[in-house]
């Protein structure tokens, strides 16, 4: 979603601010934030869980110009784990 921020996504304002701050921290540090879990919401407003990694995007001159995030929906996995417990 090139050129978009978390505030352009269908997120509640609190979640958007949390994701935005996290993205800014990755950009400021220039360090990857790999393999963590975070909560969110699906488009239908149901609760969701995501496995996430974020990395700074660096241009040819070595400047951090954005962040690359990957997100895997692990909601069903978390629900199954809860049922087993």
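Side notes on the structure shown:
- Pairs where the first residue, in segment 1-15, is on the phi < 0 side of the Ramachandran plot and without any contact (Cβ under 8 Å) to a residue 24 or more places away in the chain and the second is exposed (fewer than 11 other Cβ atoms within 10 Å of the Cβ) and in a loop (DSSP other than H, G, I, E, B), C-beta under 8 Å, 6+ apart: 8/1; 9/1
For every residue, the table says whether it meets (1) more than 17 Å from residue 2 (Cα to Cα); (2) modelled with pLDDT of 90 or more.
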site: 24; (1), (2): no, yes
site: 27; (1), (2): no, yes
site: 32; (1), (2): yes, yes
site: 41; (1), (2): yes, no
site: 47; (1), (2): yes, no
site: 58; (1), (2): no, yes
site: 64; (1), (2): no, yes
site: 76; (1), (2): yes, yes
site: 81; (1), (2): yes, yes
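- Test for residue 32: is it closer than 19 Å to residue 9 by Cα and surrounded by 11 or more Cβ atoms within 10 Å (Cβ to Cβ): no
- For the condition over 25 Å from residue 80 (Cα atoms) and under 10 Å from the mean Cα position of the chain (by Cα), residue 18 qualifies.
The values are calculated or read from the model by the stated rules, or taken from the named source; none is laboratory data. The shown structure was predicted, so the numbers you read here are calculated from the model rather than taken from an experiment. Because the Cβ atoms are built from the backbone with ideal geometry, glycine has one as well, and the counts that use them run over all protein chains shown.
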